[in-house]
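Only the coordinates and a few stated rules stand behind these numbers; no lab work does. Small disclaimer: the values here were computed from a predicted structure and weren't measured. Every residue, glycine as well, gets a Cβ built from its backbone with ideal geometry; the counts of neighbours run over all protein chains shown.
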Amino acid sequence: MLSHEDNELVTRITPGTPMGQAMRRYWIPALLAREIAEPDSPPVRVRLLGEDLLAFRDSAGRIGLVDEYCPHRRASLFFGRNEDRGLRCVYHGWKFDVAGTCTDMMNEPEEHDFKHKVRLTAYPVCEQGGIVWAYLGPVEHMPPRPKFAWTEAPETHRHITKVIQECNWLQGLEGGIDTSHAPIMHRLLSETSTRGGFKPSNPFVRGKAPKLVVDITDYGYQYAGIRPLGDAEMHIRTYHFVLPFHQIRPSRAESGIPTIAGHAWVPIDDETTMVYNWAYSPNAPLTDTDRLERGLGNGPADVDPSTFRSMANRGNNYRLDRGVQRRESYTGIDGINVQDRAIQESMGRIVDRSKEHLGPADKAIIQARKMLRQAVKTVQAGGTPDGTGTSYYALYAHEAVLPNGADWRRQVTPEMPAELILQTV
Ligand code: FES
Ligand SMILES: [Fe+2]
């Protein structure tokens, strides 16, 4: 559990809050690059950490991420004209470039204009792996570019979607670093079911309740869920938590190709989250079917491609079917990630963690909360929080069945050098 004060501390991220200040020290996914695919295409509204922003791509292909509201009399620049290397407010014609410099004032005679005195807030951005990332913190503390193994994969092998979740970002993250729920909530009851989920024969489901091993690092941690499987074997699944809100996990595409997948739970504001879902295949290209994400429930049939709202949502009980729940799947809700969103949203917009009863199966969650609180303390003391280096760049995630007592670290996580592991809990 967390005290009311600590719960407030780690969940609230609007400008000026302690966690908000800590989170602004990281590169944050702001939107999909394909939302502003063309030069001079329409600007796109982006609400990020409680700030109303606009993203646009100018005539030269440069990306701007700016305050939504014009500094003249606060009209929304969403209605603006993106033309000739800048965004022009349609109210009185003030124009701004991607850096926020005012380049023209149509309503003032030239001899009176004061454009050099006016700035539109503009944040640094970079395009990496199909995502436009933003940095909302002090420029002198900007970390190296955000490069994950998945952002570096070729587009043919990578797939990214996003969807709005109606609860606080930490609730989403805590679901993503919670291996103990996965083979329970996401299990199928029938071997022949074609719905998304883990079949009864899957060793993830057949394994007994897991023991968790958390290897603490300077980017967050790797953790493994180790499940006894019969007398002689164990099922192991490794994940990474990369500060402040990234998950990396082993997965499999709809076509059966092994993939590495994950999510980033990016706060829109304190009570709403944009979940980025990514997957890449290290070897073969992904198929068109893989990109439909039917089993996960994040694809074009499940999420409105213009609003990023899920069709199955709180208002329709996520299309829960009690007949399916009796016969075919544990929840009766279709889509692994729809199930996650349903349950995480069911806890309320910001769950009251003072009422929880955590056990050893929640060890990874407890550790993530500690690390987030530590990041806040470090920033408050003038330091650099963990996870702003480059040690997460090459991380993978793994799943295997090994003989009991096998050296799983050496066998399944060869890319993790021993010196990266600071402590194991
Ligand atoms: S409000 Fe934008 S130019 Fe006047
Ligand atoms: Fe889940």
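A few remarks follow.
- 27 Å Cα-Cα reach of Lys377 towards lysines, excluding residues that sit fewer than 8 places from it in its own chain: Lys147, Lys355, Lys363
- Computed over the stretch 301-359, Kirkwood Rh from alpha-carbon pairs, angstrom: 12.9
- Over the stretch 93-217, the ratio between the Cα radius of gyration and 2.2 N^0.38 Å evaluates to 1.78.
- Per-residue packing, averaged as other Cβ atoms within 10 Å, sorts the ranges 15-23, 274-282, 339-347, 403-411 into the order 274-282, 339-347, 15-23, 403-411, beginning with the highest.
- Semi-axis lengths (Å, descending) of the ellipsoid that matches the C-alpha gyration tensor of the stretch 59-109: 16, 12, 9
- Arg309/Ser76 FRET efficiency (R0 22 Å; Cβ-Cβ; nearest 0.05): 0.60
- Neighbour-count order for Arg57, Arg252, fewest beta carbons within 10 angstrom listed first: Arg252, Arg57
- Listed residues Ser251, Asn317, Ser306: farthest to the positive end of the dipole of the stretch 250-363 (Cβ charges): Asn317
- Distance from the C-alpha centroid of the stretch 133-172 to that of the stretch 213-227: 21 Å, rounded to the whole angstrom.
- For the stretch 274-425, fraction of C-alpha pairs farther apart than 26 Å, in %: 53
- Listing Asp58, Asp288, Asp52 from fewest to most neighbouring C-beta atoms within 10 Å gives Asp288, Asp52, Asp58.
- Using the Cβ of Thr14 as centre and a radius below 9 Å, the other residues enclosed give a net charge of -2, where K and R count +1 and D and E count -1.
- For the stretch 390-400, Karplus couplings with θ = phi - 60° (6.51, -1.76, 1.60), whole Hz, Gly/Pro x: 10, 5, 8, 3, 10, 6, 10, 9, 9, 9, 7
- 3J(HN,Hα) along the stretch 215-231: 9, 7, 10, 8, 10, x, 7, 9, 9, 10, x, 10, 10, x, 10, x, 8 Hz, from the Karplus curve 6.51 cos²θ - 1.76 cosθ + 1.60 with θ = phi - 60°, whole Hz, x for Gly and Pro.
- Geometric descriptor of the stretch 26-83, per residue, is 87 Å³ (volume of the convex hull of the Cα atoms).
- Separation between Cα centres of the stretch 338-391 and the stretch 403-425, rounded to whole Å: 24
- Set of aspartates and glutamates near Lys370 by C-alpha distance (under 20 Å), chain-local residues within fewer than 8 positions excluded: Glu5, Asp6, Glu8, Glu174, Asp178, Asp215, Asp218, Asp270, Asp352, Glu356, Asp362, Asp386
- Convex hull volume per residue for the chain, taking Cα atoms only, in Å³: 150
- Cysteines, the chain, no other Cys beta-carbon under 4.7 Å: Cys102, Cys126, Cys167
- Packing rank of 70-77, 291-298, where each peptide gets the mean count of other beta carbons within 10 Å, highest leading: 291-298, 70-77
- Karplus-based coupling profile of the stretch 343-356, in residue order and whole Hz: 6, 5, 6, 5, 7, x, 4, 10, 5, 7, 6, 6, 9, 7, with θ = phi - 60° in 6.51 cos²θ - 1.76 cosθ + 1.60 and x standing for Gly or Pro.
- Note on Arg34 and His112: the model spin-label points, each 7 Å out from Cα along the C-beta direction, lie 4.9 nm apart.
- Binning the alpha carbon pair distances of the stretch 169-313 at 5 angstrom intervals from zero yields the distribution 2, 9, 15, 20, 22, 18, 10, 4, 1, 0, 0, expressed in whole percent.
- All-pairs Cα distance distribution in the stretch 1-135, expressed in whole percent, bin size 10 Å: 13, 39, 28, 14, 5, 1, 0
- Modelled FRET efficiency - R0 56 Å, Arg62 with Ala301, Cβ distances, 0.05 increments: 0.95
- Two-decimal ratio, the stretch 80-141, of alpha-carbon radius of gyration to 2.2 N^0.38 Å: 1.35
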